[in-house]
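Student: Sharing a structure, written as structure tokens. Questions coming.
The values are calculated or read from the model by the stated rules, or taken from the named source; none is laboratory data. Everything numeric in this text was worked out from a predicted model, so none of it was measured. Every residue, glycine as well, gets a Cβ built from its backbone with ideal geometry; the counts of neighbours run over all protein chains shown.
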Amino acid sequence: MFTLPEKRFYRAFQNPKGFKAFNVVAGESDLWIAVPEGEYRGEVEREVFSALISIREQIKAFGEKNPEFLKSLTPLPLPPFVPEVVRVMGEASEKVGVGPMAGVAGAVNLFIGKKLVELGFSQFIVENGGDLYMRVLRPVVVSLFSKNPKFSGKLGVELPPGEWGVSTSSSKIGHSLSLGRTDIATVIGKDPVVSDCSATYLGNSRSVEEARERVERLVEFNRGALALIDGKFVVAGDLKLVRLTQK
């Protein structure tokens, strides 16, 4: 039901200035988290680990009683009283038109972010299988990775201060199910669960034309979306693309 272990090669490039980074792992969930150096304290790792266990257990328990929730590739009606993490996954999947588990990484990120705010952190970055949720007080640049060497690590998206969910799907990289042919399908928005579901939806594109139709739909409820398919970029929304300097 959760992500499978994989080599997270992109973490070698994650080194935000002024932040202290640490990993929290529970089962298949492997989170990379960064908080301001001056605000870091050792007990945060224990607090976040406990929160991660709780989030996973809520999803697992609901899935055991409602197995279709874990398998469906389309939205499902939910009972009136469900855990909040299950509810937000269901609502995001309904908005986008994918199965609820398409938003599981974004949902974990959202509730870990909520925990970090509760613990008093002014800023944070949570990365989970390549999906990001962040609260930042200055502009940041997010790098895009692909198996296409012409573009991988050479292009980024600059984001202004604020809270952002940055989610990526690919038929070429990663463990997640993709029914499409995209090298990159990245969606950025305020809600990390919606952006996660949206990236899956965009990643299922099978042609440039289909990707173009999907990015136009997705920007109705996200800041922006982009896809690389058949060597062509399709971009929509308010995204500031930047060329990255190779080191």
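Student: It is to be established whether one or more residues within the range 209-230 are among the basic types (Lys, Arg) and within 14 Å of Trp164 (Cα to Cα). Before you say what the answer is, go through the steps one by one.
Tutor: Quick first cut of the range 209-230, residues among the basic types (Lys, Arg) only: 212, 214, 217, 223.
Keeping just the survivors that are within 14 Å of Trp164 (Cα to Cα) gives 223.
Yes; the residues of the range 209-230 include at least one that is among the basic types (Lys, Arg) and within 14 Å of Trp164 (Cα to Cα).
Student: While we're here: Those residues that are over 22 Å from Pro75 (Cβ atoms) and either touching a helix residue (DSSP H, G or I) at 6+ places or on another chain (Cβ under 7 Å) or among the acidic types (Asp, Glu) (or both), I need them from the range 102-115; list them, please.
Tutor: Step one: of the range 102-115, the residues over 22 Å from Pro75 (Cβ atoms) are 112-115.
Ile112, Lys115 - these are the residues of the range 102-115 that are over 22 Å from Pro75 (Cβ atoms) and either touching a helix residue (DSSP H, G or I) at 6+ places or on another chain (Cβ under 7 Å) or among the acidic types (Asp, Glu) (or both).
For every residue, the table says whether it meets (1) more than 30 Å from Phe221 (Cα to Cα); (2) surrounded by fewer than 16 Cβ atoms within 10 Å (Cβ to Cβ); (3) polar (S, T, N, Q); (4) at pLDDT 95 or above.
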| site | (1), (2), (3), (4) |
| --- | --- |
| Thr3 | no, no, yes, no |
| Arg8 | no, no, no, no |
| Gln14 | no, yes, yes, no |
| Gly18 | yes, yes, no, no |
| Glu64 | yes, yes, no, yes |
| Lys71 | no, yes, no, yes |
| Pro100 | no, no, no, yes |
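Student: Can you say whether Val117 is hydrophobic (A, V, I, L, M, F, W, C) and under 24 Å from Ala225 (Cα atoms), as far as the supplied structure shows? I'd like the intermediate steps shown before the answer.
Tutor: Numbers: hydrophobic (A, V, I, L, M, F, W, C): yes; under 24 Å from Ala225 (Cα atoms): no.
No; evaluated as a whole, the condition is false for this residue.
Student: For residues in the range 90-147 being part of a helix (DSSP H, G or I) and among the basic types (Lys, Arg), which is farthest from Val35 (Cα to Cα)? I'd like the intermediate steps shown before the answer.
Tutor: In the first step, residues of the range 90-147 are kept if they are part of a helix (DSSP H, G or I); the result is 90-96, 100-118.
Next, only the ones that are among the basic types (Lys, Arg) stay: 95, 114-115.
Details: Lys95: 31, Lys114: 13, Lys115: 12 Å.
Applying the filter and picking the extreme gives Lys95.
Student: Further question: Looking only at the range 207-235, count every residue that is over 18 Å from Thr74 (Cα atoms) and either among the acidic types (Asp, Glu) or not in a strand (DSSP E or B) (or both) and tell me the total. Don't jump to the end; show me each part of the working.
Tutor: Filtering the range 207-235 for residues over 18 Å from Thr74 (Cα atoms) gives 207-213, 215-216, 219-235.
If we keep only those that are either among the acidic types (Asp, Glu) or not in a strand (DSSP E or B) (or both) too, we end up with 207-213, 215-216, 219-223, 230-231.
Total satisfying the criteria: 16.
Student: Further question: Could you check, for the range 91-103, whether at least one of its residues is more than 23 Å from Ser198 (Cβ to Cβ) and among the hydroxyl-bearing types (Ser, Thr, Tyr)? Step through it out loud before you land on a result.
Tutor: First, the residues of the range 91-103 that are more than 23 Å from Ser198 (Cβ to Cβ): none.
No; the residues of the range 91-103 include none that is more than 23 Å from Ser198 (Cβ to Cβ) and among the hydroxyl-bearing types (Ser, Thr, Tyr).
Student: Considering only residues that are closer than 19 Å to Glu57 by Cβ and free of Cβ contacts under 8 Å to residues at least 24 places away in the same chain, look in the range 102-130 and name the one that is surrounded by the most Cβ atoms within 10 Å (Cβ to Cβ).
Tutor: Lys114
Student: How many residues, within the range 20-37, are surrounded by fewer than 18 Cβ atoms within 10 Å (Cβ to Cβ) and touching a Gly at 6+ places or on another chain (Cβ under 8 Å)? Spell out the reasoning first.
Tutor: Kept after step one, since they are surrounded by fewer than 18 Cβ atoms within 10 Å (Cβ to Cβ), are these residues of the range 20-37: 20-23, 25, 27-28, 36-37.
Next, only the ones that are touching a Gly at 6+ places or on another chain (Cβ under 8 Å) stay: 36-37.
Here the count works out to 2.
Student: Name the pairs whose Cβ atoms lie under 8 Å apart, with the first residue in the range 218-232 and more than 11 Å from Thr182 (Cβ to Cβ) and touching a residue at least 40 places away in the same chain (Cβ under 8 Å), the second assigned to a loop (DSSP other than H, G, I, E, B) and among the polar types (S, T, N, Q), and 6 or more positions between them or separate chains?
Tutor: Close Cβ pairs (under 8 Å, with a partner that is assigned to a loop (DSSP other than H, G, I, E, B) and among the polar types (S, T, N, Q)) amount to Gly231/Asn148.
Student: Still on this structure, I have one more. List pairs: first in the range 75-88 and without any contact (Cβ under 8 Å) to a residue 24 or more places away in the chain, second in a helix (DSSP H, G or I) and of a type outside the set (Asp, Glu), Cβ under 7 Å, 6+ apart or cross-chain?
Tutor: Leu78/Val86; Leu78/Arg87; Leu78/Gly90; Val82/Phe62
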